[in-house]
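Visitor: Have a look at this one before I ask anything.
The values are calculated or read from the model by the stated rules, or taken from the named source; none is laboratory data. Quick caveat: nothing in here was measured; it's all calculated off a predicted structure. Here Cβ is always computed from backbone atoms with ideal geometry, including for glycine, and neighbour counts include all displayed protein chains.
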């Protein structure tokens, strides 16, 4: 009603509001810092509502969905009796109940079986935005969920907590393009890094082209990333082919097969001691890094060169020659530098098959003490 | 300019009636935007295509149009936008600024249109949707240095879809108006 | 209804006030115009604000942001190091390194990063400190040669929410031979130190740059070092590279070819394994070093890491001094291996001839002190040939006493004692060549006759390095031409002119005959005989401290074993010097030289054979035809 006066006042308010938001943006962009407070407010306002909505949905919508299916059945099969419908509906209801019970039981069983200390959570929403591979769960810092924790289901890993608010947390799914974690194949025990692609497949990177990875092989977490405990399933290999630098292996995430509803947040991984809360700074509570897993084949540096990598680390001609002369000496019973038998460097080499040990022995820094008799001093 | 004749006076009278601001109970003001943002993150969990729906934008447009006060438009836009930002991974303020402007313009424009007319509502929604997408694209481009791939036809289709959704949604929301205003 | 205090259109049309408020068409247009104008002003203001505050304040501030221009270094690979047959001694392989961006660095992230990558936190802080002088936008490599586990750690933590300062890049990393093969010769690479930055050689380097520290890596650092490149990319906030803005490719360092022969080097490495000492083999005809070994050795790969962990420090504090290149830096009394030089000096001076005869009774008194022969029972009547073959000390006491220190010093100096040989390796030691003047100058003491007697058998004040001995004996073996030892084969550096002395070749032949007898006759190194090769040599068993000193401290120090050799007797092609510390007797060093020389001649016969057919020059290739051996 107060059109004309308002117009000028409005404009100044608009300018102020926009300026304020620009400053807000600038602060974040410049300092690469988040204004957490506003997010905390928003998430705290949203999560209780979402929890209610999710509760309603889980209890009614699922059943209603089944009912819709039944109606369809009835329209196609007119001879069906109405009480059969009712029975079926009841049956369906019971089945759904049973399925839920089974799922919850399975999860409870997993929780009991797994040495990891976990907390159950429900997914209450996805992140806003087009390609966002982020979900919200209904457990937050008050329930002990901290940034950096692993989120899993009994079927496989789901993602990691990227922000925790009092009543809810943001979880980056393993399909997010910035997600990565260390993985290990079950058959060949090859270490790699799984990376989200933004679609529903996961790329396993940094595996040499020479390594064999079969379709159907299952990748597990390796614990290398110090986020996920070792030994959780990631998913089965769908595609494995030669790539330019590394093998191209695609895995479909096992956790997403049955749709995500309940998840578990790993509060303490298997090989993690109880987090020392006192030492954590109160301002930015983050989960501590897990300790490294037991060392296995992952110790050798990754060779990114396209040439075929030698089996035992990187060697130059010098190493190969030294090895050749060493085995030649062993074949001839010569102890270099200790006198005794004179080496014949032009003798034909014994074929490798007859002396596989000689060529395969790891180079040792010292030759064993001389056993050949020395020439007596004149 | 000649003085208005009777008919014109009548017309203006009619418009004034229509241009009266609608009023809502505070609880509606609080819950509906919250719910819209909630739907924005909740629905895509089950039905992926619902990502194209922009409930927060539609709610912003609705309240701005109906309140007919740019000030209200600014505040509603800013709050809904910031809430949306909070739930996304981008810096706070991107949706905030865009929705603030949408709110302001929707409220300003509402003074000159019959906001109860379904056809006008449809057109305004489509216009503001495109305006919103364009402004957002500009913001991302200019302030964050990112490039979003935009397909004009897709955007147009989404604008029409959202506008179509807006009609029943707005009717639903009309029911929440305080009658005596 | 309202009266605006501001001047507006209303004042121009007071009677239209009502219509204006009721949006007459005319005013509507104006107001709309005003609206859009104010909006444009707003946008303009906002844009200006943004430009002023965010963009222009600091050009590089944008790079720090999640989705800005990122400049990533492309470290240039160092040149390869090849042997004389172009076989690779030091190679490169492509690997991953992790960069730490210092612009967006948050202090509290350092500890978990160090923990996750297995780095020493204090060392990481120290490294950051060392990089302080460099521009902030230059990231810092904190770990190289990442294992799959470390890659997994970096990849899973470099998202914008965790540690965005981490960055993974491709780098060419040096592949060194393992287990200390050629470690001293090659040398290691490390971050340039403050003291090095003050040197002219390193003027163009900055804190944090990698430079050669010792050996060939240091000597030919400028050739081996390439020019680092840089890649500027536009990255969005998801960490994806959107666009490459600028690419300056790295210029790799040049490869160098050494005179080293890997076949001989390998055998020498194996022969020296488990011992302490140094050995060097060179071609006396041109000074090309064929092999060089020092023990104990160190792991080059470990030392060349940027990660200065405990193992890195252990190498430096090891009491065995593994970093010492004993082949060029061990300055020790050469013992009897010096006798050929004394013999030559005596023959050239004319004081001694082939027929000169001294009686050895196991020891002799000089200047009131009794000097032992190593053979307590004595050698009896001894001529030059026998004295060299059996290393009779008494003979050389007499010779030394007869010719005097300055005559010895003159010929020793010509042979290269007491000064660096000039080999192209840093930090060569020069040893000590005593003379009467030297003693006055350095010790402010008169030279005594007893000093000469000690020096005549390679003890006393005299010290030499293995390279000096190989150089001296090699030059002697070809009749008095001493070529500067060198390792670079394809360098532009012209060969340094050889030192020549007019020697009586007959005298040289007499010395050589004596040395030939050492190995092939009834000599001290008969255990090192190689059938088919006439190797000439001289053993040396040198005390590390005088008998009196040992007695006084109740010590029983083991003697150092030395051996010098060249082969064949006529037109020598290889000269070898071996130092086997605490080897007790020279002939135990002789067997080391024997295997090295055998390797040289076996290879020579392979090469001759391969000139008719193509074949591998390396011993015992599975498919290669096996040439007849020399024995």
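Visitor: Under 9 Å between Cβ atoms, which residue pairs at least 6 apart in sequence (or on different chains) link something in the range C:104-122 that is more than 11 Å from chain A (Cβ to nearest Cβ) with a partner that is outside any helix (DSSP H, G or I)?
Guide: C:110/C:100; C:119/C:142; C:119/C:143; C:119/C:307; C:119/C:309; C:120/C:307; C:120/C:308; C:120/C:309
Visitor: Tell me, yes or no, whether the range C:364-383 has at least one residue that is within 41 Å of the chain's Cα centre (by Cα) and farther than 28 Å from residue C:280 by Cα.
Guide: The answer is yes; a qualifying residue exists.
Visitor: Being under 23 Å from residue A:248 (Cβ atoms), more than 8 Å from every other protein chain (Cβ to nearest Cβ) and part of a loop (DSSP other than H, G, I, E, B) is the requirement here; does residue A:214 meet it? Show your work before the answer.
Guide: Working: under 23 Å from residue A:248 (Cβ atoms): yes; more than 8 Å from every other protein chain (Cβ to nearest Cβ): yes; part of a loop (DSSP other than H, G, I, E, B): yes.
In short, yes.
Visitor: Can you give me the ranges of the helices (runs of 4 or more DSSP H) entirely in the range C:192-305 with at least 1 residues that are within 14 Å of chain A (Cβ to nearest Cβ)? Quick ask: steps written out before the conclusion?
Guide: Details: elements: C:194-197, C:215-219, C:221-224, C:262-272, C:300-303.
Once the helices (runs of 4 or more DSSP H) in the range C:192-305 are filtered for at least 1 residues that are within 14 Å of chain A (Cβ to nearest Cβ), what remains is C:215-219, C:262-272, C:300-303.
Visitor: Among the residues of the range B:36-46, count how many are over 8 Å from residue A:125 (Cα atoms) and touching a residue at least 12 places away in the same chain (Cβ under 8 Å).
Guide: Selection size over the range B:36-46: 4.
Visitor: Being within 12 Å of another protein chain (Cβ to nearest Cβ) and more than 29 Å from residue B:43 (Cα to Cα) narrows it down to one of A:223, A:243, so name that one.
Guide: Values: A:243 fails: within 12 Å of another protein chain (Cβ to nearest Cβ).
From the options A:223, A:243, the qualifying one is A:223.
Visitor: Go through (1) without any contact (Cβ under 8 Å) to a residue 40 or more places away in the chain; (2) within 19 Å of residue A:120 (Cβ to Cβ) and name the single condition residue A:165 misses.
Guide: (1)
Visitor: Please go through the range C:275-308 and pick out each residue that is modelled with pLDDT under 85 and touching a strand residue (DSSP E or B) at 6+ places or on another chain (Cβ under 8 Å).
Guide: Passing the criteria: C:301, C:303, C:304, C:306, C:307.
Visitor: Under the condition of being in contact with a helix residue (DSSP H, G or I) (Cβ under 6 Å, 6 or more places away or on another chain) and at the interface with chain A (Cβ under 7 Å from one of its Cβ atoms), which residue from the range C:145-168 is surrounded by the fewest Cβ atoms within 10 Å (Cβ to Cβ)?
Guide: Looking at residues that are in contact with a helix residue (DSSP H, G or I) (Cβ under 6 Å, 6 or more places away or on another chain) and at the interface with chain A (Cβ under 7 Å from one of its Cβ atoms), I get C:147.
Visitor: From the list C:452, C:442, pick out the single residue that is surrounded by 22 or more Cβ atoms within 10 Å (Cβ to Cβ) and farther than 30 Å from residue C:572 by Cα.
Guide: On the way: C:442 fails: surrounded by 22 or more Cβ atoms within 10 Å (Cβ to Cβ).
Of the residues listed, the single one that is surrounded by 22 or more Cβ atoms within 10 Å (Cβ to Cβ) and farther than 30 Å from residue C:572 by Cα is C:452.
Visitor: For the range A:177-189, which positions are touching a strand residue (DSSP E or B) at 6+ places or on another chain (Cβ under 7 Å), assigned to a loop (DSSP other than H, G, I, E, B) and more than 8 Å from chain C (Cβ to nearest Cβ)?
Guide: The one that is touching a strand residue (DSSP E or B) at 6+ places or on another chain (Cβ under 7 Å), assigned to a loop (DSSP other than H, G, I, E, B) and more than 8 Å from chain C (Cβ to nearest Cβ): A:186.
Visitor: Does any residue of the range A:160-167 turn out to be within 13 Å of another protein chain (Cβ to nearest Cβ), at pLDDT 90 or above and crowded, with 24+ Cβ neighbours inside 10 Å?
Guide: Looking for residues that are within 13 Å of another protein chain (Cβ to nearest Cβ), at pLDDT 90 or above and crowded, with 24+ Cβ neighbours inside 10 Å, one finds at least one in the range A:160-167, hence yes.
Visitor: Out of all the residues in the range A:35-54, which are within 9 Å of chain B (Cβ to nearest Cβ), under 28 Å from the mean Cα position of the chain (by Cα) and farther than 10 Å from residue B:86 by Cβ?
Guide: Correct list: A:50, A:54.
Visitor: Still on this structure, please answer the following. For the range C:178-191, which positions are away from chain A (no Cβ under 14 Å) and either in contact with a helix residue (DSSP H, G or I) (Cβ under 6 Å, 6 or more places away or on another chain) or part of a loop (DSSP other than H, G, I, E, B) (or both)?
Guide: Filtering the range C:178-191 for residues away from chain A (no Cβ under 14 Å) gives C:187-191.
Of everything in the range C:178-191, those that are away from chain A (no Cβ under 14 Å) and either in contact with a helix residue (DSSP H, G or I) (Cβ under 6 Å, 6 or more places away or on another chain) or part of a loop (DSSP other than H, G, I, E, B) (or both) turn out to be C:187, C:188, C:189.
Visitor: Moving on to the next point. Please list, ordered by first then second residue, the pairs with beta carbon atoms under 9 Å, 6 or more apart or interchain, first in the range C:531-556 and on the phi > 0 side of the Ramachandran plot, second outside any loop (DSSP other than H, G, I, E, B).
Guide: C:532/C:601
Visitor: Within the range B:162-170, identify whether any single residue is crowded, with 22+ Cβ neighbours inside 10 Å, within 14 Å of chain A (Cβ to nearest Cβ) and touching a helix residue (DSSP H, G or I) at 6+ places or on another chain (Cβ under 9 Å), and answer yes or no.
Guide: No - not one qualifying residue is present in the range B:162-170.
Visitor: Considering only the range C:371-381, I want to know if a residue exists there that is in contact with a helix residue (DSSP H, G or I) (Cβ under 6 Å, 6 or more places away or on another chain), free of Cβ contacts under 8 Å to residues at least 40 places away in the same chain and part of a loop (DSSP other than H, G, I, E, B).
Guide: yes
Visitor: Which ones in the range B:136-157 are more than 30 Å from residue A:26 (Cβ to Cβ) and at pLDDT 85 or above? Before the answer, list the steps.
Guide: As a first pass, look at the range B:136-157 and keep what is more than 30 Å from residue A:26 (Cβ to Cβ): B:151-154, B:156-157.
Hits for the range B:136-157 are B:153, B:154, B:156, B:157.
Here's the yes/no breakdown for (1) modelled with pLDDT of 55 or more; (2) more than 7 Å from chain C (Cβ to nearest Cβ); (3) on the phi > 0 side of the Ramachandran plot:
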site	(1), (2), (3)
A:317	yes, no, no
A:332	yes, yes, no
A:335	yes, yes, no
A:340	yes, yes, yes
A:347	yes, no, no
A:359	no, yes, no
A:362	no, yes, no
A:368	no, yes, no
